[in-house]
Amino acid sequence: MRRRIFFSLFLLVALFSSAQQKPLHELQQAFVDLRFGMFIHYNMPTYSIEDWPDPDMPSRAFAPTHLDCHQWARAAKSAGMSYGCLTTKHHSGFCIWDTKTTDYNSMQSPAKVDVVRQYVDAFREEGLSVMLYYSILDTHHRIRPGHIKPEHTKYIKAQLKELLTNYGEITALIIDGWDAPWSRISYDEISFPEIYNYIKSLQPNCLVMDLNAAKYPREALFYTDIKSYEQGAGQKISTSENRLPALACLSIQRTWFWKKSMPTDQLKDVRWLVEENIRPYNDAYCNFILNVAPNREGRMDDNAVEALRQIGQLWHNEGPTKPLPECDAPITLCNIAKGCPTEYSWSYDYGLGDFANDDDFGTGWTSHPTVKEPWWEVDLKGEKSISLVTIVEEQKGSLQAYKIIYFQGKRWHPLFNGDAPECRVKQHRFPPVKAEKVRIIVTRHHGKLALSEVGVY
């Protein structure tokens, strides 16, 4: 009897849990429908002259005297914003929540304050959704290139568990400092699939956004649920071509974190923010997030608050945007073809086949124009389980038809044979197979054939 009761309870819990998990496309649509939100860069850099402060800057330097997250929330609401996103930990590793993972946190500062708690409570009281920002790069705790250790993954997971279990429902987690050209922490050193799946195990409906648009093509969701663009770093979304759920971020002030001149600085033009950012991006399946940096008191400057009020006079949230097109699932597994030995038919000039799996989308393999049926092959250095192959063209349209085959058990087996999908990033998913090598044979192409990157997952 006890066993039957336990089993019944187990089934009820399982059914309840599965019923709560929403389809990813539904979550992506809901995110885009939020339209406009507030990025809040507030952390140790607020109390430094640089956005990248000394990583050993003491906890006592974090000293807000009039922290007022309710002011932030009211200012966001006055602009018509529907959510906020706070920098819980930036690149210098200081945590602004009540964490048990490190003494380098705001509870050990003179303020002795859990900023994350005050933020989530204030924004929810105003009816606003809550998102969090978290940096993988952590210069204080030496989570940086050349220093990565297995315990760092445990440390990151422990912090994410606190953030995703102690503060209620988190709509999205914006992750930074991971596999970016300037951070150089790869998805292998800190395993992306492990962290991604762990986040989803804690909050299945929490979207994961990695700020990696500087590296990965805009046509597919590489290691992110939402394609994210940092406009200040030159990453611009194409409002005419984008078909993916997207986020574009910009600061209303001149830097992400507060600086002494900001109370009198000229801010971004309000009308320009509305007409050239919010409206066109919303029409292109893109949510716009505007950063407003609190000052050292813990409040937003009067000029920033007034600018937000003016935005609210010019722009009103009209509710859901147009339906988001269906798109391929995010790529969340590590690319096991990266850096593996390659063989290939004759290349043109210096566009050797080794550039097609060097983890750099700015380089690639260029086939010699005299080769009628070019081919490219990667040796996976042993038998590996694979379920996804991606092919990224340098320019869409040259690759018209091809085969994908894999080698296992002393012979080649087919995976795909047909016309190329009409997109720059071609994704082929299939039930897992064991493979030692993967080969692409191009049966029809037009003009210059150049493959930027081939991935095997």
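Of all residues in the stretch 154-179, those satisfying the criterion of being in a helix (DSSP H, G or I) and either touching a residue at least 40 places away in the same chain (Cβ under 8 Å) or surrounded by fewer than 18 Cβ atoms within 10 Å (Cβ to Cβ) (or both) are LYS154, TYR155, LYS157, ALA158, GLN159, LEU160, LYS161, GLU162, LEU163, LEU164, THR165. The residue that is nearest to ALA233 (Cα to Cα), counting only those in the stretch 187-209 that are among the hydroxyl-bearing types (Ser, Thr, Tyr) and more than 13 Å from the chain's Cα centre (by Cα), is SER191. Going through the stretch 361-382 one residue at a time, which ones are surrounded by fewer than 13 Cβ atoms within 10 Å (Cβ to Cβ) and in contact with a strand residue (DSSP E or B) (Cβ under 8 Å, 6 or more places away or on another chain)? Scanning the stretch 361-382 gives GLY362, GLY382.
Please verify whether THR370 is in the same structural domain as ARG411 (by TED's automatic domain parsing) and within 15 Å of HIS445 (Cα to Cα), treating the condition exactly as stated. Spelling it out, THR370 is indeed in the same structural domain as ARG411 (by TED's automatic domain parsing) and within 15 Å of HIS445 (Cα to Cα).
Go through the stretch 218-236 and give me each residue that's closer than 15 Å to ASN287 by Cβ, in a loop (DSSP other than H, G, I, E, B) and modelled with pLDDT under 95.
Taking the stretch 218-236 as the starting set, the residues that turn out to be closer than 15 Å to ASN287 by Cβ are 221, 224-231, 235.
The next check asks that each one be in a loop (DSSP other than H, G, I, E, B); those that pass are 221, 224-226, 235.
The one that is closer than 15 Å to ASN287 by Cβ, in a loop (DSSP other than H, G, I, E, B) and modelled with pLDDT under 95: GLN235.
Number of residues in the stretch 348-384 that are more than 26 Å from ALA214 (Cα to Cα) and in a loop (DSSP other than H, G, I, E, B): the value is 9.
Within the stretch 210-259, take every residue that is among the polar types (S, T, N, Q) and under 13 Å from the mean Cα position of the chain (by Cα) and give me the one that is nearest to PHE39 (Cα to Cα).
Going residue by residue through the stretch 210-259, those that are among the polar types (S, T, N, Q) are 212, 224, 228, 231, 235, 238-240, 242, 251, 253, 255.
Keeping just the survivors that are under 13 Å from the mean Cα position of the chain (by Cα) gives 212, 224, 228.
On the way: ASN212: 17, THR224: 18, SER228: 13 Å.
Among those that are among the polar types (S, T, N, Q) and under 13 Å from the mean Cα position of the chain (by Cα), it is SER228.
Exactly one residue out of GLU275, GLU297 is part of a helix (DSSP H, G or I) and over 23 Å from the mean Cα position of the chain (by Cα), and it is GLU275.
Is it the case, given these coordinates, that VAL392 is farther than 21 Å from TYR187 by Cβ, of a type in the set (A, V, I, L, M, F, W, C) and modelled with pLDDT of 95 or more? Even if it seems obvious, please write down each step before you answer.
Values: farther than 21 Å from TYR187 by Cβ: no; of a type in the set (A, V, I, L, M, F, W, C): yes; modelled with pLDDT of 95 or more: yes.
No.
Applying a threshold of 7 Å to beta carbon distances and a minimum spacing of six or more residues, or different chains, the list of pairs starting in the stretch 232-247 at a residue that is assigned by TED's automatic domain parsing to the domain that holds ALA30 and ending at one that is charged (D, E, K, R) and surrounded by 23 or more Cβ atoms within 10 Å (Cβ to Cβ) reads LEU244/LYS227; PRO245/LYS227; ALA246/LYS227. VAL130 meets the stated requirement of being assigned to a strand (DSSP E or B), modelled with pLDDT of 95 or more and either closer than 18 Å to ALA75 by Cα or in contact with a strand residue (DSSP E or B) (Cβ under 9 Å, 6 or more places away or on another chain) (or both). If you go through the stretch 97-127 and pick out every residue that is part of a loop (DSSP other than H, G, I, E, B) and of a type in the set (Asp, Glu), you end up with 4.
The strands (runs of 3 or more DSSP E) found wholly in the stretch 385-457 and carrying at least 1 residues that are surrounded by 15 or more Cβ atoms within 10 Å (Cβ to Cβ) and not hydrophobic (A, V, I, L, M, F, W, C) occupy 399-408, 425-445, 450-456. Looking at the stretch 335-347, which of its residues are assigned to a loop (DSSP other than H, G, I, E, B) and either in contact (Cβ under 8 Å) with a residue 24 or more places away in the chain or buried (at least 17 other Cβ atoms within 10 Å of the Cβ) (or both)? Result: ASN335, ILE336, ALA337, LYS338, CYS340, PRO341, SER345, TRP346. Within the stretch 316-327, does at least one residue satisfy the condition of being within 23 Å of the chain's Cα centre (by Cα), surrounded by 13 or more Cβ atoms within 10 Å (Cβ to Cβ), part of a loop (DSSP other than H, G, I, E, B) and at positive phi? No, the stretch 316-327 contains no residue that is within 23 Å of the chain's Cα centre (by Cα), surrounded by 13 or more Cβ atoms within 10 Å (Cβ to Cβ), part of a loop (DSSP other than H, G, I, E, B) and at positive phi. Filtered by the rule that a residue be assigned to a helix (DSSP H, G or I) and either surrounded by 19 or more Cβ atoms within 10 Å (Cβ to Cβ) or touching a residue at least 12 places away in the same chain (Cβ under 8 Å) (or both), the stretch 141-153 gives HIS152, THR153.
The values are calculated or read from the model by the stated rules, or taken from the named source; none is laboratory data. Treat the numbers as computed from the prediction; the structure is a model and nothing was measured. Cβ: placed from backbone, ideal geometry, glycine included. Neighbour counts: every protein chain shown.
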